[in-house]
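The values are calculated or read from the model by the stated rules, or taken from the named source; none is laboratory data. Since we're looking at a predicted model, the values are computed, not measured. Glycine gets a Cβ as well: all are built from the backbone with ideal geometry, and neighbour counts include every protein chain shown. Each accessible area value is taken on the protein alone, full model and side chains, heavy atoms only, with ligands, DNA and RNA left out. Shrake-Rupley method; radii C 1.70, N 1.55, O 1.52, S 1.80 Å.
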Amino acid sequence: MTSSEHPGNAAAPTRLLLIDGHAMAFRAFFALPADGFTDGRGQSTNAVYGFARMLFNVVASEQPTHVAVAFDMAGGTFRDRIYDQYKAGREETPQQFIGQIALIQKTLDALGVSWLEVPDYEADDIIASLATRMRSRGQEALIVSSDRDALQLVGPGVTLLQPVKGVTELRRMDPAAVQEKYQVDPEHYPDLAALVGESADNLSGVPGVGPKTAAKWLGKYGSLEGLLEHAEEITGKAGQSLRDHVEDVRRNRVMNAAVTDLELPDDDIVFTLGRGDRAAVNEVFDDLAFGPTIRRDLPAVFLPEGAADEEPGAADVEMPELVRPRGAEIATALSGPFSGGAALAIDGSWELGLGEATRLALATATDLAVLDLTDLDGDAEQALANWLSDRSIPKTAHDTKYAVHELSPRGLQVDGWRTDLGLAEFLCRPDQRPTDLAGLVMRHLQEELETTASGSQQTLDLDGGGSAAADEALARAAHAVHRLEPLLRADLEEHEAQALHDDLELPLAQVLGQMEAVGIQAEDSVLAELDAEHERQQTQVAESAFSHIGGDRINLGSPKQLQEVLYERLEMPKGRRTKTGYSTNAETLTDLFEKTQHPFLADLLAHRDVTKMRQIIETLRRFIAEDSRIHTTFHQNIAATGRLSSNNPNLQNIPMRTEEGRRIRGAFVVSEGYEQLLTADYSQIEMRIMAHLSGDEGLIEAFRSGEDLHNFVASRVFDVEPDQVDGAMRSKTKAVSYGLAYGLSAFGLSRQLRISQAEATALRDGYFERFGGVRDFLRESVEQARKVGYTQTILGRRRYLPDLTSDNRQRRENAERVALNSPIQGSAADIIKLAMLRVDADLRAAGVASRVLLQVHDELVLEVAPGELEQVRDLVVTGMGDAYEISVPLSVGVGVGRTWLEAAH
DNA sequence: TTGTGTACCCA
DNA sequence: GCTGGGTACACAAG
């Protein structure tokens, strides 16, 4: 079979895109500001614009051959006659929305897209009828609708694209996805909806019954009918509630059943794409005052064949024929077409767990194959293992760490990675949110969208059903990766980031993958014990708090209720303002306590602390896996400075500052077969980088002298002997030192130190007087960044800051602070990344069993095997200390212990 | 349900 | 209102 589908080609399989016009227009209206989009004559056009964007995106990425848009008609439907309260209670149509439906229809006319409305019926019924027709013919339908009633239509060949955010981000709902999300098959979704109710339609369900209960019942009795027949058997409150509301449920089920037999025009003639008229489109867009971007993004398929050629860059790229080799064919394919390298895409998703991917797609310029990982015979498996581990065969993926996670548990090791598209994109545009494959395609293959990956979320969230459609989507993803690779390589070159990609980030991704897979052992019993302690405290302190405000049991976690108590009932002086009222944060509460001595405040603060601790403990416990370990995920493409981030759970923010919080670290323990946890951290790495980059002699001397940094700096700033420096002097200069790297302001400093702004200014000026090199460096580096448009780290990692030349003072000053901080924070990130590569390589070379578990920005946590402590300690200290040479020594501290707490130093 | 704001944990 | 992150909760939207 072939997967190169040419829209407009009569021989191509038919794929009908069905759009709920009203629902999507309404969503677009709320997604975009009505005041920001007008035609210049007072008519808002935001819904039209958003709708057009959505349409273009979907057509580009889903490649339908036919399109139809369904609208609701004014004047009500048959449903209103069944239930007079149907859709009652909806707010009036916003003034600025009025008229935009007509404009959308005008736009559709120019695009040659058919739109339909049927008196007495809803758009949903039109869509249901057309989708049913397609399904009965064995053809495909794609539905774009925010109405959940459309879920019942999902089935073989019928997929629902639900808007997740705005109108451009769509979630792909196929039968498996519906089942997973709602725990019922699509066919029975209306049963579930009838039980739960639908507030948007003013259909109330069974009180006390949510989707979970409803799904449980339906699972047990098969269907709503089955359930109602056995309604008497259901025990408990929910059962009684069901019996009390049977009539509502029956009514809901009648109302939410889609009509599937409307008489509608035949698609082949009426819904074909390619009947648009560019001149007409331009005229309509002129009228709407749309800019050039959206015109450029108009997919060529809307226009008659040939018309596209007049547009620049409208290349027509054919996808190679898709094959699904099995058994011996796999060995042949891998030693043949793919022996020179390939792009790779893999199914699966984060929720599924690692190693549960079932298919692997490979693409070259001329070949495309999907392999079933669950159906490999011995020879095929060996051939695949050899191919993947052959480092002379270059491989590309959108997310190599993820691919490794899926393949490695199946015993498939990968070597020979050449490009990681996600990392490459990040190095070129670090301030962009991480781009999924579809996003990359949109950015890089604008005019060649025939080859997009469809519906991929961040981790290629393709359905794992093994259907032909899933294979095709996966194949398209691999093909897109292949097409994108040279574009991203060119991008890397343009941003001078090849070395960062090839020698730093890409190798690091493999190290991080291992760290994630290993995880760190966490002792649930320790956490449970801590939690129980905190629970007692929490209750006690809450009771005490309530007693001080007259016994009113307010929600202590609600800022709104706290404001009412503190500022209205108790009439305490109002402090800092927030967007929504007056602040109740710890700083404000502490101030208030000093002023009023009100015991409620002390209890409240204590309650906050203990509640926070319980939250952290509870989150960690939730993430302990079957192997008693916590496997965080490290991200390389989130923090714009180049730092890593960690989530699910975040192990980079485990409490440290207070004794009580630190106890949580006692739950992270060394695992069996290992002897100790070892922590190694850089001391004051950011200030050392500051010394290096600024070349300030005083600061360099401070580090070379080996004296305590803040003591040394304070003695200079306050002009006293080092042994005369008191605690206040030290903490003040320490705050300035740290503030420097953050883009110090007198205001920020004054708040941090709780001193006047005048005093803060004097302090900063005094500091700069003694460390003029630092002042000059900071000033010059901002100017340099303004000139070239970006900042740079010691390894040449760039961060583009267009706001440095903004007319908006707020934006500009913010960009200036970022410009001060990024080279410093980013260089520190570069250095520890180098250290991680080196430590990992050295551990391997030494043939030891010890391993790196975590990175916390300036710290590494390792697990040390018996008898390896001395060797590993030396190796780590050297690896970190010599990771990169700067003009002052990089000092590394080490601690060892059975737990993370004991390993602190 | 979903996004937003607030608060607070880390380096 | 001094940098970079992540998570949880309350609350208000749709």
Does A:Ala177 meet the test of being touching a residue at least 24 places away in the same chain (Cβ under 8 Å) and in contact with an Asp or Glu (Cβ under 7 Å, 6 or more places away or on another chain)?
yes
Taking the options A:Gly661, A:Gly666, name whichever one is within 14 Å of DNA strand C (Cβ to nearest atom) and under 31 Å from the mean Cα position of the chain (by Cα).
A:Gly661
Kindly establish whether A:Ile624 is more than 15 Å from DNA strand B (Cβ to nearest atom) and within 29 Å of A:Val864 (Cα to Cα).
yes
Which residue out of A:Arg797, A:Arg838 is more than 12 Å from DNA strand C (Cβ to nearest atom), outside the structural domain of A:Thr588 (by TED's automatic domain parsing), modelled with pLDDT of 95 or more and farther than 26 Å from A:Asp431 by Cα?
A:Arg838
Failed item in (1) over 23 Å from A:Leu508 (Cα atoms); (2) open to solvent by less than 10 Å² (accessible area, probe 1.4 Å), with A:Pro889 passing the rest
(2)
Give the residues of the stretch A:216-259 that are open to solvent by 90 Å² or more (accessible area, probe 1.4 Å) and assigned to a helix (DSSP H, G or I), sorted by residue number.
A:Lys216, A:Lys220, A:Glu225, A:Glu229, A:Glu232, A:Glu233, A:Lys237, A:Asp244, A:Glu247, A:Arg250
From the list A:Ala835, A:Ala841, which one is assigned to a helix (DSSP H, G or I), within 16 Å of DNA strand B (Cβ to nearest atom) and farther than 23 Å from A:Ser745 by Cα?
A:Ala835
Looking at the stretch A:849-875, which of its residues are assigned to a loop (DSSP other than H, G, I, E, B) and within 16 Å of DNA strand C (Cβ to nearest atom)?
A:Val856, A:His857, A:Asp858
Does any residue of the stretch A:674-688 turn out to be at positive phi and open to solvent by less than 40 Å² (accessible area, probe 1.4 Å)?
no
Output for the stretch A:556-573, where each listed residue is more than 12 Å from DNA strand B (Cβ to nearest atom) and within 38 Å of the chain's Cα centre (by Cα)
A:Glu564, A:Val565
Entirely in the stretch A:657-750, the helices (runs of 4 or more DSSP H) that have 3 or more residues that are in contact (Cβ under 8 Å) with a residue 60 or more places away in the chain and more than 30 Å from A:Ile630 (Cα to Cα)
A:685-694, A:697-705
Kindly indicate which of A:Glu902, A:Glu859 is touching a strand residue (DSSP E or B) at 6+ places or on another chain (Cβ under 6 Å) and either outside the structural domain of A:Arg704 (by TED's automatic domain parsing) or hydrophobic (A, V, I, L, M, F, W, C) (or both).
A:Glu859
Within the stretch A:581-596, restricting to residues that are β-branched (Val, Ile, Thr) and in contact with a helix residue (DSSP H, G or I) (Cβ under 8 Å, 6 or more places away or on another chain), the one that is farthest from DNA strand C (Cβ to nearest atom) is A:Thr590
Test A:Gln179 against the criterion of being buried (at least 24 other Cβ atoms within 10 Å of the Cβ), outside any strand (DSSP E or B), away from DNA strand C (no atom under 16 Å from the Cβ) and polar (S, T, N, Q), and give yes or no.
no
Picking from A:Arg811, A:Arg775, which residue would you name as being open to solvent by 10 Å² or more (accessible area, probe 1.4 Å), part of a helix (DSSP H, G or I) and either within 20 Å of A:Phe426 (Cβ to Cβ) or away from DNA strand C (no atom under 12 Å from the Cβ) (or both)?
A:Arg775
Residue count, the stretch A:406-438 (criterion: assigned to a helix (DSSP H, G or I) and open to solvent by less than 20 Å² (accessible area, probe 1.4 Å))
11
Restricting attention to the stretch A:552-607, report how many residues are in a loop (DSSP other than H, G, I, E, B) and out of contact with any Gly (no Cβ under 8 Å at 6 or more places or on another chain).
20
Output the qualifying pairs, or none if there are none: Cβ atoms under 9 angstrom, residues six or more apart or on different chains, first residue in the stretch A:584-595 and farther than 16 Å from A:Ala545 by Cβ, second residue part of a helix (DSSP H, G or I).
A:Asn585/A:Pro559; A:Glu587/A:Arg751
Report yes if A:Arg27 is of a type in the set (Lys, Arg), touching a residue at least 60 places away in the same chain (Cβ under 8 Å), closer than 20 Å to A:Ala150 by Cα and not in a loop (DSSP other than H, G, I, E, B), otherwise no.
yes
Among the candidates A:Ile126, A:Ile98, A:Ile82, which residue alone is surrounded by fewer than 22 Cβ atoms within 10 Å (Cβ to Cβ), within 27 Å of A:Val249 (Cα to Cα), of a type in the set (A, V, I, L, M) and more than 33 Å from the chain's Cα centre (by Cα)?
A:Ile82
For the stretch A:639-650, state whether one or more residues are within 12 Å of DNA strand B (Cβ to nearest atom), in contact with a Leu (Cβ under 8 Å, 6 or more places away or on another chain) and farther than 15 Å from A:Val856 by Cβ.
no
Assuming A:Phe634 fulfils every condition listed in (1) away from DNA strand B (no atom under 13 Å from the Cβ); (2) on the phi > 0 side of the Ramachandran plot apart from one, which condition is it?
(2)
Examine the stretch A:35-47 for a residue that is within 28 Å of the chain's Cα centre (by Cα) and either modelled with pLDDT of 85 or more or under 30 Å from A:Leu474 (Cα atoms) (or both), and state whether such a residue exists.
yes
Scan the stretch A:244-273 and report the pairs whose first residue is closer than 21 Å to A:Pro190 by Cβ and in contact (Cβ under 8 Å) with a residue 24 or more places away in the chain and whose second residue is open to solvent by 50 Å² or more (accessible area, probe 1.4 Å) and in a helix (DSSP H, G or I), with Cβ atoms within less than 7 Å and a gap of 6+ or a chain change.
A:Val254/A:Ile82; A:Met255/A:Ile82; A:Thr260/A:Thr132
Answer yes or no: is there a residue in the stretch A:601-614 that is in contact with a strand residue (DSSP E or B) (Cβ under 9 Å, 6 or more places away or on another chain) and either away from DNA strand C (no atom under 16 Å from the Cβ) or open to solvent by 70 Å² or more (accessible area, probe 1.4 Å) (or both).
no
Kindly provide the set of residues from the stretch A:555-577 that are of a type outside the set (Gly, Ala, Ser) and within 17 Å of A:Val610 (Cβ to Cβ), ordered by number.
A:Asn555, A:Leu556, A:Leu562
State yes or no: is A:Thr584 near DNA strand B (Cβ under 8 Å from one of its atoms) and either farther than 27 Å from A:Ala532 by Cβ or exposed (fewer than 13 other Cβ atoms within 10 Å of the Cβ) (or both)?
yes
